[in-house]
Amino acid sequence: MQKKKIKLLLLLISSWVVGLFIILVGGRIFISLASYFLSGDFDFYRNDLVRAAEISIGCGVIIGVGQCLMSKEKPSSPSNPE
């Protein structure tokens with residue numbers, strides 16, 4: 001039972017971290033591309049990647065732990081119901 005909770009926790013945290021990172025970096029790249037096409041200046045800095053990683057890791061851990069704590073296991077059904 002404890003092993004299932006740890007697997008669930010790691011799955012939730014990793015999926016939230018990856019998803020948030022992709023959304024944050026994708027949005028920043030979209031803004032940079034729009035800026036490039038409108039004014040000719042592609043302003044995407046490495047600092048933006050670091051900041052997106054910090055935010056996604058922090059928020060991903062908080063959300064993942066919260067979801068894991070709120071999850072409930074279904075009671076196991078008997079193998080031979082009579």
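The values are calculated or read from the model by the stated rules, or taken from the named source; none is laboratory data. Nothing here was measured: the structure is a model prediction, and the numbers come from that model. Because the Cβ atoms are built from the backbone with ideal geometry, glycine has one as well, and the counts that use them run over all protein chains shown. We work out accessible area using only protein heavy atoms, side chains counted, and drop any ligands, DNA or RNA first. Shrake-Rupley method; radii C 1.70, N 1.55, O 1.52, S 1.80 Å.
Some notes on this structure:
- Filtered residues of the stretch 20-75 (kept if in contact with a Leu (Cβ under 8 Å, 6 or more places away or on another chain), of a type in the set (A, V, I, L, M) and surrounded by 15 or more Cβ atoms within 10 Å (Cβ to Cβ)): Val25, Ala52, Ile63
- Pairs where the first residue, in the stretch 1-26, is over 30 Å from Asp43 (Cα atoms) and the second is open to solvent by 70 Å² or more (accessible area, probe 1.4 Å) and not basic (Lys, Arg), C-beta under 6 Å, 6+ apart: Leu12/Gln67
- Contacts under 9 angstrom Cβ, first residue in the stretch 30-59 being more than 26 Å from Ser14 (Cβ to Cβ), partner open to solvent by 100 Å² or more (accessible area, probe 1.4 Å) and assigned to a helix (DSSP H, G or I), 6 or more apart: Phe42/Tyr36; Asp43/Tyr36
- Selection status of Phe30, in a helix (DSSP H, G or I), over 17 Å from the mean Cα position of the chain (by Cα) and of a type outside the set (Gly, Ala, Ser): yes
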